[in-house]
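Before any comments, here is the structure.
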Amino acid sequence: MKFFHKIHLWLSVPFGLVITLICFSGAMLVFEPEITRHVKSDIYYVASAKGEPVDMGELMETVKATLPDSVSITGVTVFRDKNRTYQVNLSKPRRASVFIDQYSGRITGKYERIGFFSTMFKLHRWLLDSADPRGDGLKVGKMLVGISTMMFVIALVSGVVIWWPRARRNLKRSLSVPFRDGWRGFWKGLHVAGGMYALLLVLAMALTGLTWSFGWYRAAFYAVCGVEYVPRGSASDGKGEKNKSSHKSGDRDWRGGRHGHRGDYAERQHRGPSMRSEFKCWQQVYDVLEARNPEAPRITVGQENASVTVSSGNNAADRYEFDSRSGRFTGVTKYAASDSSDKLRGWIYAVHTGSFGGMITRILWFLGALLGASLPLTGYYIWLRRLKRHKQR
């Protein structure tokens, strides 16, 4: 028991402040999407959702006319909420996009992270390290975050070992925060009971978060889960064989005929983009997918491929391929048949952020991260009081 006390103390003292910063910044990022959309509602929402949306090809031509020659449109994302503007994804810089009102054809703005959240993200991932975390330079901040997270995991496990003998004698008291014993009792109770309440949540965050810090840990994590790690964008090794299905030209749903209120694609060519436009089939493709998946949270159409999100929590999506000239679908890869590495990657992100269970799990993850941030601070308080008592003796 003395050994675990020393492990718990001497790992927590040097890394405690870093752990607090990591947990606090992570908590601040949980509700970033909702806050951003609220603060910048004029960008993310249309002025008036009346009438029919402008043809997608026309909207893309409008955006293209504002872009420099070095930047191209890679796709457009349409959300189930008809009050949300279309998100037009760009080739560069990384994750660049602009938003356009599909009813008026007005570009409402571009994607920009709010300064506070940008700082929190850099703090959470790299401790504001000025070195490029994706470059070849020394990634001191990223490494320190990874090492601190590993020490946090060991400190949590040693804390459980220290807590258990007392818990066996009086479980109720060990899981309560006393208010009648003054600040000393409150901080000690918050450290012990708060650590137990947040234990599983912060362990889930830490163990999944480490996959972004160390390559060896990521490979080991995937191996423990029985999956071979395949970098994003790499060719499949055959374990997650693509389930591409050809579709007969006589299948009206896959050829792109009449769908919903938009009418026949050929009949609206006079108001759509020219036949030479690279976007001339995008509306046709979207109409087919939207008719087949009316409950999809979002649908993204690109140059020769499209995706239909089936679950926002872990970014699960069915992927389609189509002929860019005719708009006819040539293949589909259902999420259930996708590569195991991609599935696990999505679940790692969902567990780390708490998005897998919707708003309820995100609230729990937010509270868990705040409790995780308080553990080193309350631990410092207990440790310093103990040092003071020893000095007085």
Inset, instruction - Provide a single number: the residues in segment 292-331 that are touching a Gly at 6+ places or on another chain (Cβ under 8 Å), open to solvent by less than 50 Å² (accessible area, probe 1.4 Å), more than 30 Å from C225 (Cβ to Cβ) and outside any strand (DSSP E or B). - result: 1
Legend entry - Candidates G357, G346 - the one that is out of contact with any strand residue (DSSP E or B) (no Cβ under 8 Å at 6 or more places or on another chain) and open to solvent by less than 60 Å² (accessible area, probe 1.4 Å): G357
Inset, instruction - Please state which one of R173, R184 is open to solvent by 30 Å² or more (accessible area, probe 1.4 Å) and in contact with a Lys or Arg (Cβ under 8 Å, 6 or more places away or on another chain). - result: R184
Inset, instruction - Please enumerate the residues belonging to segment 260-301 that are modelled with pLDDT of 90 or more, among the hydroxyl-bearing types (S, T, Y) and within 16 Å of E58 (Cα to Cα). - result: Y286
Legend entry - Among (1) assigned to a helix (DSSP H, G or I); (2) open to solvent by 60 Å² or more (accessible area, probe 1.4 Å); (3) of a type in the set (G, A, S), the one test that A47 misses: (1)
Inset, instruction - Kindly provide the set of residues from segment 138-193 that are closer than 30 Å to F121 by Cα, free of Cβ contacts under 8 Å to residues at least 24 places away in the same chain, of a type in the set (A, V, I, L, M) and in a helix (DSSP H, G or I), ordered by number. - result: V140, V157, A193
Legend entry - Given (1) under 19 Å from V88 (Cβ atoms); (2) touching a Ser or Thr at 6+ places or on another chain (Cβ under 7 Å); (3) of a type outside the set (S, T, N, Q), number of the condition D287 does not satisfy: (2)
Inset, instruction - Go through the residues of segment 332-345 one by one and say whether even a single one is more than 30 Å from Y229 (Cα to Cα), over 17 Å from the mean Cα position of the chain (by Cα) and of a type in the set (F, W, Y). - result: no
Inset, instruction - Can you tell me which residue within segment 86-132, out of those that are under 20 Å from E61 (Cα atoms) and of a type in the set (S, T, N, Q), is surrounded by the most Cβ atoms within 10 Å (Cβ to Cβ)? - result: Q102
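The values are calculated or read from the model by the stated rules, or taken from the named source; none is laboratory data. Bear in mind the structure is a predicted one, so any value in this text is a computation, not a measurement. Positions of Cβ are generated from backbone atoms using ideal geometry, with glycine treated the same way; all protein chains shown enter the neighbour counts. We work out accessible area using only protein heavy atoms, side chains counted, and drop any ligands, DNA or RNA first. Shrake-Rupley method; radii C 1.70, N 1.55, O 1.52, S 1.80 Å.
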